[in-house]
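Have a look at the structure below, then the notes.
The values are calculated or read from the model by the stated rules, or taken from the named source; none is laboratory data. These numbers come from a predicted model, not from an experiment. Cβ atoms come from the backbone with ideal geometry, glycine included; neighbour counts cover every protein chain shown. For accessibility, only protein heavy atoms count, side chains too; no ligands or nucleic acids. Shrake-Rupley method; radii C 1.70, N 1.55, O 1.52, S 1.80 Å.
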Amino acid sequence: MRARDGRELAVETRGDPRGRPVFLLHGTPGSRLGPVPRSAVLYRLGVRLISFDRPGYGGSERLPGRRVADAAADVAAIADAMGLDAFAVVGRSGGGPHSLACAALLPDRVRRVAVLVGLAPRDARGLAWHAGMTRSNVRDHTTADAAHRRLAARLELRSRTIRDDPASLLALLREEMPLPDQLVIADAGLRTMLLRTYAEALRTSADGWIDDTMAFNRSWGFGLDRIAVPVLLWHGEDDVFSPVAHSRWLAEHIRGATMVVQPGAAHFAALSVLPRVLAWAAAGDGRERSVPA
């Protein structure tokens, strides 16, 4: 499909074509390929799941200098092309800030938004932004603060390694994973989905990864005070990739947001709770469903 400025966007749809539409915004790095629930699960939930590669990832053309806010225009363009007046949005990890952009900037179209293991704005007052974060993530975000070229060189080198062997990213992540994440990643099917999405995300370049990281470390381009739709924030208490303090800060600054913290869970537990979160998001047509625990 085409963005409003003519860029090509790679889009994937799954589940019930007549179901309630939910956009799923992928992590960093990530792609439209998942991980996602099986089609049979999506049919049972009555969900039409729509995912796309953010600019610079996979099959989507790059948008140089993009901000978090720019994701809303791309979501709106895809919804227009699909004839969707209203929809829900779910963002996991790096997709979380982009889903909040949709909540703030598309209030007449977005019914509900869920953020799983997301990040707070870089300039969040009162939040020790790097506290509890893995050394590699702190290094990337600190480099983004200092110099775009240094960050680009670092992520390009890492991306070439991952293109040659997608399993190398999981191996690097595993070195910093807490035990709850290691137990989740032990599932062979999940590992296969993660490897597939990493390979697609970085198959041509590291542009999407670089631009995501830069976008998180500059102004997002919208204020959280503009969000008026129902927002669910879910976080594993032991997360070290995007620490739970980020969601707690967001819960304090988004009017009416619901916060769920799961003890004994970490970053990748968001994948197991995703079906329940999608059910909650899809219920924004007035049919209330319980908040996922």
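Accessible area per residue, 1.4 Å probe, Å², for region 67-118: what's the number?
23
Which residues does the label zone of Ser219 cover in region 113-147, counting backbone N under 20 Å from a point 7 Å along Cα→Cβ? Only 120-127, 144-147 fall inside the zone, counting backbone N under 20 Å.
In region 132-262, a dipole from Cβ-located charges (positive for Lys and Arg, negative for Asp and Glu) runs towards its positive end, and of Ser205, Phe216, Ser242 it is Ser205 whose Cα lies farthest in that direction.
The loop-placed trypsin sites (Lys or Arg not before Pro) in region 15-63, going by DSSP, that have at most 15 neighbouring Cβ atoms within 10 Å of their Cβ come out as Arg18, Arg38. Take the Cα of Thr142, step 7 Å toward its Cβ, do the same at Asp80, and the gap between the two points is 4.3 nm. At Ala40 and Gln182, where each label point lies 7 Å from the Cα along Cα→Cβ, what is the point-to-point distance in nanometres? Once both label points are built, they end up 3.2 nm from each other. Using the alpha-carbon centroid of each, what span in Å lies between region 1-73 and region 156-215? Going from one Cα centre to the other spans 18 Å.
Residue separation of Arg255 and Arg18 scaled by 0.36 nm, minus their Cα-Cα distance, works out to 82.1 nm of gained length.
Rolling a 1.4 angstrom probe over region 164-226 with all protein chains present gives an accessible area of which 53% lies on carbon and sulfur atoms. Only helices enter this figure: runs of n ≥ 4 DSSP H residues, each worth -39500 (n - 2.57), summed and divided by the residues of the chain, yield -13000 deg cm²/dmol at 222 nm to the nearest 500. Computed from the C-beta positions of Arg203 and Arg4 and an R0 of 30 Å, the FRET efficiency is 0.75 to the nearest 0.05. At a probe radius of 1.4 angstrom, the accessible area of region 173-268 per residue rounds to 40 square angstrom.
Assuming charge only on the beta carbon of Lys and Arg (+1) and of Asp and Glu (-1), the dipole of the chain about its Cα centre is about 280 debye to the nearest 20. In the chain, the inverse of the mean reciprocal separation of distinct Cα atoms equals 18.7 Å; this is its Kirkwood hydrodynamic radius.
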